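I have placed the structure first, in the form of structure tokens, so that the comments after it can refer back to it.
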Amino acid sequence: MPIQTVNPYTNKVVKTFEELTDDQLERKIAKAHKTYQSWRNTPLEARARLLQKVAELMREKKAELSRLITLEMGKLIAQSEAEIEMCASVYDYYAKNAAEFLKDRPMKVDSGKAFVRLTSTGIVLAVEPWNYPFNQVARLAAPNIVGGNVVVLKHASNVPQCAAMIEKLFKQAGAPDGVFTNLRIAAKRVAKLAEDQRITGMSLTGSEAAGASFAEAAGRNIKKSVLELGGSDAFIVLDDADIDLAVEKAIAGRFNNMGQACTSSKRLIVMEAVANTFLQKFKSKIENLKVGDPMDRAAQIGPLSSEEAAKKVVQQVTESVKQGAKILVGGKRIDRQGAFMEFTILTGIKPGMVAYDEEIFGPVASFYRVKTEQQAIELANATRFGLGGSVFSKDVERAVRVANQIDTGMVFINKNVASQPDLPFGGTKYSGYGRELSALGMEEFMNRKLIYVPQIEP
Ligand SMILES: O=CCCCC(=O)O
């Protein structure tokens with residue numbers, strides 16, 4: 001994959017970038033390593049101030065940064081702005097809470113004194129995806145940098161300008177060279193980086209296949225890794241749900257970012273008693289939306305991230321239809337230039353069909369009817385993925401009881417899954433392991449060091 005900006009609204013190449021040579025790469029890692037020696041000893045207050053400054057700059061430059069996201073991966077401009085706001089709140093959150101999260105943890109011991117202290121470990125390698133090109137980076141960079149680690153980023157090859165901009169923001173905020181470093185390299189060079197002893201932790205958000213080879217490289221080198229991979233989140237609507245609320249959240253959950261999120265509400269599982277009402281309202285809200293330039297605030301449907309992405313999603317739909325699924329709405333490319341496809345609802349999906357077995361990373365809602373709560377739970381769990389899920393019911397205790405039986409890392413009640421800085425984010429099963437955000441995200445690449453002072457007998 002060339003490292004280049006291709007505008008998915010036009011499918012035109014905007015700019016192509018050279019990869020770093022091996023020498024350049026080595027110089028950047030050496031610099032990051034050298035900087036780590038001083039950064040780890042820089043007072044926490046100064047590290048927190050850096051994050052605050054990054055947050056401020058992001059808000060100041062919101063219009064420019066949002067346009068870059070939209071240019072490179074096609075997100076509707078208002079959603080790009082929301083990403084930048086969210087991202088600034090992640091930097092703020094860790095700036096404000098790091099001192100609390102890093103407090104020594106006293107241990108109960110029979111004699112003497114013992115505590116666990118979180119200490120930094122070195123360079124953390126972040127391999128990040130294009131779908132939230134600023135926010136995915138923030139969730140790894142903020143807790144690690146404030147914790148005293150330094151970060152090197154291998155970003156997706158289709159968002160090189162976003163990647164360069166994040167490095168620039170850190171510099172403008174006053175970060176010493178090497179605290180945050182953008183590595184413009186191809187994915188195939190990551191395995192070699194895993195062998196580098198200066199790199200002490202590795203985090204990847206991406207596909208299951210990329211995660212497996214990344215974890216293998218980390219494992220061979222006895223390195224801690226965190227994986228945030230795909231998902232097939234169930235969006236369960238129980239028979240006592242507020243249907244208008246459920247419809248509103250299902251639209252956001254499935255179609256925000258053109259359905260290109262690991263936590264998109266990919267499977268709508270609705271109890272028979274309310275299924276027709278839900279489906280009719282859901283369908284009516286996605287018909288007759290305005291298709292257009294994602295830079296134009298009036299557009300409601302923009303392009304997918306690339307021509308290949310749009311082709312793949314339409315092909316998954318076509319294959320599912322050949323296998324017996326039905327298209328209720330959409331299902332096709334939109335007849336215009338750019339990586340466009342229609343918002344789609346699929347019904348009649350059965351095990352063995354592509355739509356049942358694979359993650360569909362685009363604007364396709366898979367609709368299922370179930371008769372009972374138990375069937376909803378079983379269907380929700382009938383996937384290799386275990387990232388998130390939602391349960392809708394006016395009876396919160398009932399919803400929590402259902403949530404408790406869903407095998408995922410996160411379940412939201414009466415809300416679509418969406419990250420926020422103070423909630424842990426991550427999955428189980430083939431969706432990966434480890435957590436980002438909240439206090440848990442702060443610990444992944446820190447050393448939980450025991451310090452024990454025995455009682456010296458006089
Ligand atoms: O692909 C992962 C998307 C995460 C979306 C979020 O941060 O809510």
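The residue that is most open to solvent (accessible area, probe 1.4 Å), among those in the range 277-292 that are modelled with pLDDT of 95 or more and part of a loop (DSSP other than H, G, I, E, B), is K290.
So how many residues does the range 400-458 have that are in a helix (DSSP H, G or I) and within 14 Å of the ligand (Cβ to nearest atom)? Explain how you work it out, then say what you get.
Let us first name the residues in the range 400-458 that are in a helix (DSSP H, G or I), namely 400-404, 438-443.
Adding the requirement that they be within 14 Å of the ligand (Cβ to nearest atom) leaves 438, 441.
So the count comes out to 2.
Restrict the check to the range 301-313 and report whether at least one residue is assigned to a helix (DSSP H, G or I) and within 30 Å of D240 (Cα to Cα). Quick ask: steps written out before the conclusion?
To start, the set of residues in the range 301-313 that are assigned to a helix (DSSP H, G or I) comprises 307-313.
Checking which are within 30 Å of D240 (Cα to Cα) leaves us with none.
The answer is no, given that none of the residues of the range 301-313 is assigned to a helix (DSSP H, G or I) and within 30 Å of D240 (Cα to Cα).
Can S390 be described as within 27 Å of the chain's Cα centre (by Cα), within 14 Å of the ligand (Cβ to nearest atom) and under 29 Å from N149 (Cα atoms)? Answer is no for this residue. With respect to the conditions (1) open to solvent by 20 Å² or more (accessible area, probe 1.4 Å); (2) touching a residue at least 12 places away in the same chain (Cβ under 8 Å), T5 falls short on a single one, namely (1).
If the condition is being outside any helix (DSSP H, G or I) and open to solvent by 40 Å² or more (accessible area, probe 1.4 Å), then the range 45-89 contributes only K61.
Would you be able to say whether some residue in the range 131-143 is more than 16 Å from the ligand (Cβ to nearest atom), in contact with a strand residue (DSSP E or B) (Cβ under 6 Å, 6 or more places away or on another chain), modelled with pLDDT of 95 or more and outside any loop (DSSP other than H, G, I, E, B)?
First pass over the range 131-143, keeping only residues more than 16 Å from the ligand (Cβ to nearest atom): none.
So far as the range 131-143 goes, no, none of its residues is more than 16 Å from the ligand (Cβ to nearest atom), in contact with a strand residue (DSSP E or B) (Cβ under 6 Å, 6 or more places away or on another chain), modelled with pLDDT of 95 or more and outside any loop (DSSP other than H, G, I, E, B).
Yes/no per residue for (1) in contact (Cβ under 8 Å) with a residue 12 or more places away in the chain; (2) outside any helix (DSSP H, G or I):
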position: V14; (1), (2): yes, yes
position: A32; (1), (2): yes, no
position: S38; (1), (2): yes, no
position: Y91; (1), (2): yes, no
position: K103; (1), (2): no, yes
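Screening S157, S207, S111, S203 for residues that are of a type in the set (S, T, N, Q) and open to solvent by less than 10 Å² (accessible area, probe 1.4 Å) leaves exactly one candidate, S203. Picking from residues in the range 411-427 that are among the aliphatic types (A, V, I, L, M) and out of contact with any Leu (no Cβ under 7 Å at 6 or more places or on another chain), the one that is least open to solvent (accessible area, probe 1.4 Å) is V417. Considering only residues in the range 255-313 that are acidic (D, E) and farther than 24 Å from T5 by Cβ, the one that is farthest from the chain's Cα centre (by Cα) turns out to be E272. Every condition in (1) open to solvent by 10 Å² or more (accessible area, probe 1.4 Å); (2) free of Cβ contacts under 8 Å to residues at least 60 places away in the same chain is met by T344 except one, and the failing one is (1). Do we find that K371 is touching a helix residue (DSSP H, G or I) at 6+ places or on another chain (Cβ under 6 Å), farther than 18 Å from S265 by Cα and open to solvent by 30 Å² or more (accessible area, probe 1.4 Å) in this structure? Yes; evaluated as a whole, the condition is true for this residue.
Somewhere in the range 377-387, is a residue assigned to a loop (DSSP other than H, G, I, E, B) and of a type in the set (D, E)? No, every residue in the range 377-387 fails to be assigned to a loop (DSSP other than H, G, I, E, B) and of a type in the set (D, E).
The combined condition, being under 30 Å from G409 (Cβ atoms) and more than 19 Å from the chain's Cα centre (by Cα), is not fulfilled by V226.
The values are calculated or read from the model by the stated rules, or taken from the named source; none is laboratory data. Bear in mind that the values here come from a model prediction, so they are computed numbers and not experimental data. Quick reminder, even Gly has a Cβ in these numbers, built from the backbone with ideal geometry, and neighbours come from all protein chains shown. Surface accessibility is based on the protein's heavy atoms, side chains included, excluding ligands, DNA and RNA. Shrake-Rupley method; radii C 1.70, N 1.55, O 1.52, S 1.80 Å.
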